[in-house]
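K.L.:
Input: one structure, supplied below.
The values are calculated or read from the model by the stated rules, or taken from the named source; none is laboratory data. Because the structure is predicted, anything quoted here is derived from the model rather than measured. Counting neighbours? That spans all protein chains shown, and the Cβs are built from the backbone with ideal geometry, glycine included.
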Amino acid sequence: MVSQAIIPLAGLGTRLLPLSSVIPKELLPINGKPNLEYIMEECVQAGIRQFIFVVPKNRPSIKKYFFNDKFYKKIIKKKRNDKRLKRVFKKIKRYQKMIKFVYQNKPDGTGDAVLKCKKFLKGTHFLMLLADDLIVKKNCSKEMINLHKRTGGSVIATRKVERKTVSRWGILGFKNKAKNSFLINDVIEKPKINEAPSNYAIIGRYILPKKILSVLKGQKKGKGGEVHITDAIRTLVKKDEKFYGNIFQGKYIDCGTLQGFINSGLAISKYL
Ligand code: G1P
């Protein structure tokens with residue numbers, strides 16, 4: 001059973017500067033709600049019971065967003081009839097029970113973030129989500145958990161992208177393609193066009209096996225000086241570990257670039 005979700009939240013958010021110099025990009029509101037909450041809602045609906053947030057110690061706002069009881073209690077005392085406020089606080093309290101924090105003080109990449117979660121990981125597989133990749137209309141995590149249940153393998157969310165953009169993504173190589181899935185036989189982080197094994201890109205959802213931790217432990221830094229989860233996945237794929245691409249049915253909204261973020265409010269309102 002996949003019941004835990006890791007959400008790396010220690011990135012610099014360079015593509016969203018200057019906004020992200022003050023507010024962590026995962027808390028920037030899209031239609032009145034941070035993208036982090038959209039991601040959490042998707043997870044809860046898919047059966048996730050625990051979130052592991054990987055944050056830097058010197059960025060307290062994410063913790064504060066979810067754990068600010070004193071502040072809420074003080075206001076609720078003054079505004080006893082504010083139903084919305086009570087509803088909001090109730091939701092926050094529900095999330096509080098589900099969140100654990102793990103610290104990553106340098107933005108050393110997704111692989112390093114996963115490694116930092118070691119002591120909390122329980123089952124054979126866990127979910128990892130990148131908070132700037134929103135997928136709406138159809139629950140992608142649910143689709144992936146179903147594919148994992150059917151196959152017993154690991155799963156990565158994927159969609160076709162324009163070939164000229166492959167160097168922006170992790171790109172999957174595959175065989176045995178069915179309508180909505182395929183068996184992965186290669187994966188390369190941000191390849192040059194002539195190195196890309198296909199034009200199916202990784203979008204930020206992964207169901208990973210716990211054994212990936214032992215690969216990550218000895219892994220050297222890759223592109224951009226970061227420890228990429230993509231490189232650890234490649235090692236496992238080359239050892240014949242089963243990884244499936246889930247060609248998700250929902251609508252992808254890229255919130256990780258300024259243009260994407262600007263478009264996201266309008267895009268998301270069409271599907272809610
Ligand atoms: C990360 C991953 C990449 C993936 C992308 C999806 O890249 O490293 O494999 O395709 O997310 O958004 P980043 O967006 O951090 O550059």
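K.L.:
Search the stretch 119-145 for residues being in a helix (DSSP H, G or I) and within 27 Å of residue 34 (Cα to Cα), and hand back the single one that is nearest to the ligand (Cβ to nearest atom).
P.N.:
Only one residue tops the list, namely 140.
K.L.:
Out of the residues in the stretch 171-183 that are aliphatic (A, V, I, L, M) and free of Cβ contacts under 8 Å to residues at least 60 places away in the same chain, which is farthest from the ligand (Cβ to nearest atom)?
P.N.:
Per the stated criteria, the residue is 178.
K.L.:
Right, something else. Consider residue 2 carefully, then state whether it is farther than 15 Å from residue 59 by Cα, out of contact with any strand residue (DSSP E or B) (no Cβ under 6 Å at 6 or more places or on another chain) and β-branched (Val, Ile, Thr).
P.N.:
no
K.L.:
Would you confirm whether or not the stretch 130-148 contains a residue that is of a type in the set (D, E, K, R), surrounded by 20 or more Cβ atoms within 10 Å (Cβ to Cβ) and under 21 Å from residue 263 (Cα atoms)?
P.N.:
Scanning the stretch 130-148, I find at least one residue that is of a type in the set (D, E, K, R), surrounded by 20 or more Cβ atoms within 10 Å (Cβ to Cβ) and under 21 Å from residue 263 (Cα atoms), so the answer is yes.
K.L.:
Specify which of the listed residues (112, 108) is within 29 Å of residue 211 (Cβ to Cβ), outside any helix (DSSP H, G or I) and among the acidic types (Asp, Glu).
P.N.:
108
K.L.:
Moving to a separate point now. If I filter the stretch 90-121 down to residues being under 21 Å from residue 11 (Cα atoms) and of a type in the set (Ser, Thr, Tyr), which single residue comes out as surrounded by the fewest Cβ atoms within 10 Å (Cβ to Cβ)?
P.N.:
Among them, the one singled out is 103.
K.L.:
For the stretch 184-239, enumerate the residues that are assigned to a helix (DSSP H, G or I), crowded, with 18+ Cβ neighbours inside 10 Å and near the ligand (Cβ under 9 Å from one of its atoms).
P.N.:
229, 230 - these are the residues of the stretch 184-239 that are assigned to a helix (DSSP H, G or I), crowded, with 18+ Cβ neighbours inside 10 Å and near the ligand (Cβ under 9 Å from one of its atoms).
K.L.:
Name the residues in the stretch 240-272 that are hydroxyl-bearing (Ser, Thr, Tyr), more than 28 Å from residue 149 (Cα to Cα) and within 13 Å of the ligand (Cβ to nearest atom), would you?
P.N.:
Answer for the stretch 240-272, where residues must be hydroxyl-bearing (Ser, Thr, Tyr), more than 28 Å from residue 149 (Cα to Cα) and within 13 Å of the ligand (Cβ to nearest atom): just 257.
K.L.:
For the stretch 1-99, which fully contained helices (runs of 4 or more DSSP H) count at least 2 residues that are at pLDDT below 95?
P.N.:
Answer list for the stretch 1-99: 69-78, 83-96.
K.L.:
Out of the stretch 146-183, which residues are closer than 17 Å to residue 237 by Cα, at pLDDT 95 or above and part of a loop (DSSP other than H, G, I, E, B)?
P.N.:
Across the stretch 146-183, the qualifying residues are 152, 153.
K.L.:
Report, by residue number, each residue of the stretch 209-225 that is at pLDDT 95 or above, within 20 Å of the chain's Cα centre (by Cα) and over 24 Å from residue 149 (Cα atoms).
P.N.:
The answer is 216, and nothing else.
K.L.:
While we're on this one: Where the second residue is surrounded by fewer than 21 Cβ atoms within 10 Å (Cβ to Cβ) and the first is of a type in the set (Ser, Thr, Tyr) and lies in the stretch 194-206, which pairs have Cβ atoms under 6 Å and are six or more apart or on separate chains?
P.N.:
Cβ pairs passing all conditions: 198/173; 200/160.
K.L.:
For residue 165, all conditions in the list (1) surrounded by 14 or more Cβ atoms within 10 Å (Cβ to Cβ); (2) within 13 Å of the ligand (Cβ to nearest atom) hold save one; what is the number of the exception?
P.N.:
Every listed condition holds for residue 165 apart from (1).
K.L.:
Let me ask something else about it. Could we say that residue 254 is at pLDDT 95 or above, in contact with a helix residue (DSSP H, G or I) (Cβ under 8 Å, 6 or more places away or on another chain) and of a type in the set (D, E, K, R) here?
P.N.:
No: the conditions fail for residue 254.
K.L.:
Look through 25, 74, 57 and report the one residue that is in contact with a strand residue (DSSP E or B) (Cβ under 6 Å, 6 or more places away or on another chain) and among the charged types (D, E, K, R).
P.N.:
None of the other options fit; the residue is 57.
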